[in-house]
Amino acid sequence: MTTPFPDQVASADGPGGHLGGEVLAAYATNRLDEVAAWSVEAHVTTCSACRVALRAFVDRDRLARNRSVLLAAAAVGEPGPARRLLSRVGVPEHLLGLLAATPSLRRSWLLSVLGVLAVVAGESVLANHLWNRGSGSTWGVLVPFLLVGPLLVLGGVALAFLPLFDPSHQLAAAAPFPGVNLLLARAVSALLAALLPVAVAAFFVPGPGWLPAAMLLPCLAVWCVALAAVTVVGATAAAVVSAATWVLPVIVVAASHPALAVVRWHAQVAWAALAAAAAVVAFVRRDRFEMGWTR
Amino acid sequence: MDEMTTDVDLAVRVEGLSRRYGPVRALDDVEMGMGRGITGLLGPNGAGKTTLLSILATINQPDAGRVSVFGLDPADTAQRVEIRRRLGFLPQELGFHRHFTVAGFLDYVAILKEIVDRRRRAEEVARVLAAVGLQGMAGRRIRALSGGMRQRLGIAQALLGDPDLLLLDEPTAGLDPEQQLRFRELLSNLPGDPTIVLSTHQVDDVSAICSHVVVLLAGKVRFTGTPAELADTAAGHVWTSHQRDPHALLSWRGGDNRWRHLGERPPAGVEVTAATVDEGYLLLSHTVDNPSTTRGWRRVGRRDR
Ligand SMILES: Nc1ncnc2c1ncn2[C@@H]1O[C@H](COP(=O)(O)OP(=O)(O)OP(=O)(O)O)[C@@H](O)[C@H]1O
Ligand SMILES: [Mg+2]
Ligand SMILES: [Zn+2]
């Protein structure tokens, strides 16, 4: 990337890490690009010496106005490390700003995902331990984990979708920003936020080494089914339908085969087909994502 | 009504608009036009004000009828987006992401309004915060705001991006008297002369700042005109006397100890006085409630005694 990191511009010019006269003059006459201007402002808010120096270049009004803008910008908050990283990778900054209001990226939700996974994985480990000594069954070992993983993904999508969890959804609906993009951004981030812990937890349960990878497609399929279903039926019904597309096969398979058959090779093909079909439905019916207008 | 207003001047036009919720006709064949300036929507609870505003805000779909906003049709996807670009909307029940800071919330709404540039967003946020007098609260968590401050935050988000059409559903609910006056000042000083439609239960607001009034009763438009014209509908129906009057629909004793009455027909010999906007509105809603004229009046009159 060609844009230097803000702090470096600011400190590169002047003595002792302060802003140089040239930078200040350029800032005062609006000749700096956005990144450089921000870095000047970031420095000036914390450094009184440079604030005084800047006053020589900028008229009072502009400074007062800039100050309130600065205060507002500071109150919006500096992007955290995750957001900075994603924006360096090329994710547009404003998209990340939108995700700030995504319930499934809130700490409380992420912590509950981790909590549930820890409990389920712990149960599997424990059951496996007992089973090895001949007092348990396969049902206790992997089935709970298999059931819960994709359901957590589903929960994240539901949080991202249901107006219930977006108290200002009427504003989002009445705004020009495309509702589809907003919901997709939220749903994708919810998917990733749940997928990662599920894959990690799969390392700890007493399954085969390929289990973490094998969980990905079913999770994706359930996610796609949820997206497709919500364009056809109401949100609650969509949640039930997509949960059932995962829960029923897991139980049926576990009753007659080894529980893991539901994520083995043949099953993976079926999950991929399901994901693709659901994705097509969701894409074709994408205008139904818009709240309010389509009932 | 203002006969000079041509169709071209009307920012919002509504024809034959109906919206039902099950058996309830929230809007029933509504016909109206709104031009530049401030239009006040009056009506009792359940009259259909919120339904009308949400349809104008393009987040609710009518069962029948046509809506045109700036000549654009919200039923068309592309035109709907164009309307939204020019819209500021304060819903009646605006919820907040309570973990947000005040400025963080406004920043979020500014992104929804397609203000992509981060610096421009900060400028807009600072501007609307100053407009509603919340500049000192920028860094506060929303959950730490009082109800009236939240209401002002709701007004602030509607102002983001200098909209041409402002739809405000009960904007003064919960504001203290000073803030109500400040709100009037704010609306009078908005740049760009936007079209403003606000619903309210405070007839004060309407007489103070609205150039037009629309009265909705049970989903039907019962009056459109200026506040003065609404007051005029009660002309000859308000009188004062030294005692209670059994013929009056409503009677109340003023601070000067005289009784003021509102009713179908003043008795002979009483002093008829000029009516206020409140009285015009009240008379209108009671006439419609009780269309069976005299019997209706008496019944209401008796219950009031
Ligand atoms: N989502 C809904 N589902 C069912 N009925 C509804 C819905 N929204 C509104 N209604 C009904 O439509 C009618 C009009 O409601 P609306 O909210 O538009 O009234 P209002 O004039 O805004 O009232 P208030 O002054 O109480 O805000 C009411 O009878 C209400 O019960
Ligand atoms: Mg309402
Ligand atoms: Zn410095």
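The values are calculated or read from the model by the stated rules, or taken from the named source; none is laboratory data. These figures come from a predicted structure and were not determined experimentally. A quick note on method: Cβ atoms are made from the backbone with ideal geometry, for glycine too, and the neighbour counts reach across all protein chains shown. In case anyone asks, the SASA skips ligands and DNA or RNA and just uses the protein heavy atoms, side chains included. Shrake-Rupley method; radii C 1.70, N 1.55, O 1.52, S 1.80 Å.
Here is a check on your reading of the model: is B:I55 within 16 Å of ligand 2 (Cβ to nearest atom) and either open to solvent by 20 Å² or more (accessible area, probe 1.4 Å) or over 15 Å from B:A218 (Cα atoms) (or both)?
Judged against the criteria, B:I55 is a match.
Can you name every residue in the stretch B:65-89 that is of a type in the set (A, V, I, L, M, F, W, C) and within 9 Å of chain A (Cβ to nearest Cβ)?
B:A75, B:V81, B:I83, B:L87, B:F89 - these are the residues of the stretch B:65-89 that are of a type in the set (A, V, I, L, M, F, W, C) and within 9 Å of chain A (Cβ to nearest Cβ).
Please enumerate the residues belonging to the stretch B:28-53 that are assigned to a loop (DSSP other than H, G, I, E, B) and away from ligand 1 (no atom under 12 Å from the Cβ).
In the first step, residues of the stretch B:28-53 are kept if they are assigned to a loop (DSSP other than H, G, I, E, B); the result is B:35-36, B:43-48.
Across the stretch B:28-53, the qualifying residues are B:G35, B:R36.
In contact (Cβ under 8 Å) with a residue 40 or more places away in the chain, in a helix (DSSP H, G or I) and within 12 Å of chain B (Cβ to nearest Cβ): which single residue out of A:A190, A:A201, A:A172 fits that description? Quick ask: steps written out before the conclusion?
Working: A:A190 fails: within 12 Å of chain B (Cβ to nearest Cβ); A:A201 fails: within 12 Å of chain B (Cβ to nearest Cβ).
Of the residues listed, the single one that is in contact (Cβ under 8 Å) with a residue 40 or more places away in the chain, in a helix (DSSP H, G or I) and within 12 Å of chain B (Cβ to nearest Cβ) is A:A172.
From the list B:G71, B:G40, which one is outside the structural domain of B:M137 (by TED's automatic domain parsing) and open to solvent by 10 Å² or more (accessible area, probe 1.4 Å)?
B:G71
If you go through the stretch B:175-207 one residue at a time, how many are of a type in the set (G, A, S) and either within 16 Å of ligand 3 (Cβ to nearest atom) or without any contact (Cβ under 8 Å) to a residue 40 or more places away in the chain (or both)?
Summing the residues that are of a type in the set (G, A, S) and either within 16 Å of ligand 3 (Cβ to nearest atom) or without any contact (Cβ under 8 Å) to a residue 40 or more places away in the chain (or both) in the stretch B:175-207 gives 2.
Restricting to the stretch A:151-169, name every residue that is buried (at least 21 other Cβ atoms within 10 Å of the Cβ) and within 7 Å of chain B (Cβ to nearest Cβ).
A:S168
In a loop (DSSP other than H, G, I, E, B) and open to solvent by 70 Å² or more (accessible area, probe 1.4 Å): which single residue out of B:R98, B:R25, B:R13, B:R20 fits that description?
B:R98
Do the conditions hold for A:A259, that is, is it within 30 Å of A:A175 (Cβ to Cβ) and touching a Leu at 6+ places or on another chain (Cβ under 8 Å)?
Considered against the rule, which asks whether it is within 30 Å of A:A175 (Cβ to Cβ) and touching a Leu at 6+ places or on another chain (Cβ under 8 Å), A:A259 comes out as no.
Acidic (D, E), part of a loop (DSSP other than H, G, I, E, B) and more than 16 Å from ligand 2 (Cβ to nearest atom): which single residue out of B:D107, B:D162 fits that description?
On the way: B:D107 fails: part of a loop (DSSP other than H, G, I, E, B).
Unique residue meeting the criteria: B:D162.
Hey, could you check the stretch B:186-205 for residues that are hydroxyl-bearing (S, T, Y) and assigned to a strand (DSSP E or B) and say which is surrounded by the fewest Cβ atoms within 10 Å (Cβ to Cβ)?
Going through the qualifying residues, I end up with B:T195.
Of all residues in the stretch B:7-53, which are of a type in the set (S, T, Y) and more than 14 Å from chain A (Cβ to nearest Cβ)?
Once the filter is applied, which keeps residues that are of a type in the set (S, T, Y) and more than 14 Å from chain A (Cβ to nearest Cβ), the stretch B:7-53 yields B:S18, B:T39.
Among the residues of the stretch B:147-160, write down those that are open to solvent by 50 Å² or more (accessible area, probe 1.4 Å) and modelled with pLDDT of 90 or more.
Taking the stretch B:147-160 as the starting set, the residues that turn out to be open to solvent by 50 Å² or more (accessible area, probe 1.4 Å) are B:147, B:150.
Listed by number, the list holds a single entry, B:R150.
Can we say B:D169 is within 14 Å of chain A (Cβ to nearest Cβ), acidic (D, E) and away from ligand 1 (no atom under 16 Å from the Cβ)?
No: the conditions fail for B:D169.
Of all residues being open to solvent by 10 Å² or more (accessible area, probe 1.4 Å) and within 9 Å of ligand 3 (Cβ to nearest atom) in the stretch A:45-59, which is nearest to the other protein chains (Cβ to nearest Cβ)? Just the residue, please.
A:T46
For the stretch B:54-64, indicate whether the set of residues that are in a strand (DSSP E or B) and more than 9 Å from chain A (Cβ to nearest Cβ) is non-empty.
In the first step, residues of the stretch B:54-64 are kept if they are in a strand (DSSP E or B); the result is B:64.
The next check asks that each one be more than 9 Å from chain A (Cβ to nearest Cβ); those that pass are B:64.
Checked against the condition, which is being in a strand (DSSP E or B) and more than 9 Å from chain A (Cβ to nearest Cβ), the stretch B:54-64 yields at least one hit.
Of the residues in the stretch B:103-150, how many are aliphatic (A, V, I, L, M) and more than 7 Å from chain A (Cβ to nearest Cβ)?
12
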